[in-house]
1. Need at least 2 residues that are free of Cβ contacts under 8 Å to residues at least 60 places away in the same chain and hydrophobic (A, V, I, L, M, F, W, C) per element, so show me which helices (runs of 4 or more DSSP H) inside region 109-217 make the cut, counting only ones lying wholly within it.
2. Go through region 35-55 residue by residue and tally those that are within 14 Å of Gly290 (Cα to Cα) and in contact (Cβ under 8 Å) with a residue 12 or more places away in the chain.
3. Could you list, in sequence order, all residues of region 194-249 that are of a type in the set (Phe, Trp, Tyr) and open to solvent by less than 60 Å² (accessible area, probe 1.4 Å)?
4. Asn281: at pLDDT 90 or above and over 12 Å from the mean Cα position of the chain (by Cα), yes or no?
5. Tell me which residues, restricted to region 84-98, are open to solvent by less than 10 Å² (accessible area, probe 1.4 Å) and part of a helix (DSSP H, G or I).
6. Please find, among Phe120, Phe190, the residue that is open to solvent by 40 Å² or more (accessible area, probe 1.4 Å) and either more than 21 Å from Gly275 (Cα to Cα) or not basic (Lys, Arg) (or both).
7. For region 285-297, what are the residues that are under 24 Å from Met73 (Cβ atoms) and open to solvent by 20 Å² or more (accessible area, probe 1.4 Å)?
8. Looking at Gly269, Gly274, Gly300 in this structure, which one is open to solvent by 10 Å² or more (accessible area, probe 1.4 Å), over 30 Å from Leu150 (Cα atoms) and at pLDDT below 90?
Amino acid sequence: MLGLPTEDVAKSVEITNARRKRARIPAIYFSIGLLASLVVVFAIGNQNFLSPYNLNTIASYSAILLLVALGQMNTILIGGIDLSVGGLMSFISVVFIISLKTIGAWAFPLCLIIALLVGFVNGNILTRIKIPSFIATLGTGGILTSLALLVSPLPVDLPSAKYGLLDVVNGTWFGIPNLLLLTAAGFVFFQVILRYTSAGRRIYYTGSNIKMSWMSGIDIGRTRNLAFVLSGLGAGAAGIMLSCTQFGGDPTLGNVYILQSIAAVVVGGTALTGGTGGPVNTMIGALILGVMENGMNVVGVDAYFQQSILGLVIIVSVALTFDRSKTAVMK
């Protein structure tokens, strides 16, 4: 600063401080503002957007997306990613419906155990074989999709005589859909794990600075495994619930949720670099995508143009949440 007038120095400091203040604004505030703006725009575009029926449609779509996104969130918080959620949902979908025909309600815990095991395998491929999560889960996702097609090449329906088994998800409790109640329970579960347990804090620490976490005595391998197990749990639960609402399974059912789950986490304000974000952010992100998906259809936005809008929202969200200090060079 030598040679600069005092006034110039003061202005420079003031600009720097202003930039730092803007940088400290939590990303979730931008997400909440985006959600509110979308609701207002779509409500103006079509008066039926805020009708009880349409709001229930948005809530049902967002609920299933939220579950798989809550699982995905854990892998992103440690700085990884899980591309196997789509294949896992598809596999769980067909196995769940086929199992219901033979073992009845035992299909619920069976499929959740399968999902946990898949998450455990993903975590160990990362921590023991040392393959990046992007490649590891891309591979396991492809394997699971193939297995789903081998189990049932075509969509499989549940006989109407077995519909009663699906009331766990499709029923209501005091007028509130069980789908929403179960999703709320899932949200509370992930919130408690991440915010009020030492395991959850280790996930945040590992994502914030893996080297410092290791030097502090944190078991990095176990923490990463836990994150992927939780991701498997979220995808498995979402696959079961989606199958229940459709009264059948589909070997390609989960494909769309790969991008959607990542988008929900990122749009909600959870940083792809890890260590920042959480369940509340992910819930806001899932609602944003639910509102966008429904609202663009309600107001008549061209289906081909919808993906462009979603892509733009994702780019802007990453720009707002990406911690560039953790990445010296953009690749």
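The values are calculated or read from the model by the stated rules, or taken from the named source; none is laboratory data. Here the structure is a predicted model, which means the values were calculated and not measured. Neighbour counts run over all protein chains shown; Cβ positions are idealised from the backbone, glycine included. For the accessible areas, the whole protein counts, side chains as well, though only heavy atoms, and no ligand, DNA or RNA atoms are used. Shrake-Rupley method; radii C 1.70, N 1.55, O 1.52, S 1.80 Å.
1. In region 109-217, 133-151, 178-196, 210-215 are the helices (runs of 4 or more DSSP H) which contain 2 or more residues that are free of Cβ contacts under 8 Å to residues at least 60 places away in the same chain and hydrophobic (A, V, I, L, M, F, W, C).
2. Number of matching residues: 6.
3. Listed by number, the residues that qualify are Tyr204, Phe228.
4. No: the conditions fail for Asn281.
5. Those that are open to solvent by less than 10 Å² (accessible area, probe 1.4 Å) and part of a helix (DSSP H, G or I): Val85, Gly86, Gly87, Leu88, Met89, Ser90, Ile92, Ser93, Val94, Phe96, Ile97.
6. So the residue among Phe120, Phe190 that is open to solvent by 40 Å² or more (accessible area, probe 1.4 Å) and either more than 21 Å from Gly275 (Cα to Cα) or not basic (Lys, Arg) (or both) is Phe120.
7. Leu287, Glu293, Asn294
8. None of the other options fit; the residue is Gly300.
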